[in-house]
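The values are calculated or read from the model by the stated rules, or taken from the named source; none is laboratory data. Keep in mind that what you see is a predicted model, and the values were worked out from it rather than measured. All Cβ positions, even for glycine, are placed from backbone atoms using ideal geometry, and neighbour counts span all protein chains on display.
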Amino acid sequence: MEFKVLRNFLCMAALLLPIAAAAEIKVGYLNLSEIMEKSPQAETAAKTLEKEFSYRYEKLTAARDEIVKFEETLTKDGAVMTETRRSELEKEILSKKREYIRQQEELKEDFNIRRSQEMGSLQKSVNEVVTGLAKNEKYDLVVTQPVLFASERIDITQRVLEELQKLP
């Protein structure tokens, strides 16, 4: 009889032990997409990219406008043009469209490369801030998206944003 009581006591203690250990775990949640939108570093990166690519974008827009003008001329005056002139204009429009598409793809590719570089730098800063915060405040685990649910009690996004604002 005494053995059964002892055995039951040990089983209960074994079952409660993980619950006691779990109560000591400190978890934090970080909304990474909010960080990438609202941090000062993200704003700086966006401005840098805009400044860097605005000239090429304007040039591309001018090329598109030129194509539109040529197409309007062809539509409006095509019926009264000589066959040779209409054919030349069609070839020129086709050539300009090809060049426009090539430049557009180049711009998109270059922009994506630079954006990846800027976001990589931002992610490095975020990782450093989160790691420092986690160590200072003794977090055992910090998670990001996708998370089904995270309470505001464990959301450390605002604290990370505040720390990012302190960085140069």
## Note on the structure
If we keep only residues of region 66-81 that are under 23 Å from Tyr100 (Cα atoms) and of a type in the set (A, V, I, L, M), then the residue surrounded by the fewest Cβ atoms within 10 Å (Cβ to Cβ) is Val68
### Message
One residue is enough: does region 106-127 have a residue meeting the conditions of a type in the set (Asp, Glu), touching a helix residue (DSSP H, G or I) at 6+ places or on another chain (Cβ under 7 Å) and on the phi < 0 side of the Ramachandran plot?
### Response
yes
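Please go through region 109-156 and give me each residue that is hydrophobic (A, V, I, L, M, F, W, C), part of a helix (DSSP H, G or I) and either under 19 Å from the mean Cα position of the chain (by Cα) or surrounded by fewer than 13 Cβ atoms within 10 Å (Cβ to Cβ) (or both), ordered by number.
Phe111, Ile113, Met119, Leu122, Val126, Val129, Val130
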### Message
Residues to consider are Leu49, Leu60; find the one that is at pLDDT 90 or above, in a helix (DSSP H, G or I) and over 30 Å from Val143 (Cα atoms).
### Response
Leu60
## Note on the structure
Of (1) surrounded by 10 or more Cβ atoms within 10 Å (Cβ to Cβ); (2) over 22 Å from Gly28 (Cα atoms); (3) modelled with pLDDT of 90 or more, Thr84 fails just (1)
### Task
Output the qualifying pairs, or none if there are none: Cβ atoms under 8 angstrom, residues six or more apart or on different chains, first residue in region 59-77 and under 14 Å from Ser95 (Cα atoms), second residue among the hydrophobic types (A, V, I, L, M, F, W, C).
Ile67/Ile93; Phe70/Leu89; Phe70/Ile93; Glu71/Ile93
### Task
Pairs only if they're at least six apart or on different chains, beta carbon under 6 angstrom, first in region 147-164 and touching a residue at least 40 places away in the same chain (Cβ under 8 Å), second surrounded by fewer than 15 Cβ atoms within 10 Å (Cβ to Cβ); list them, first residue then second.
Ile154/Val27
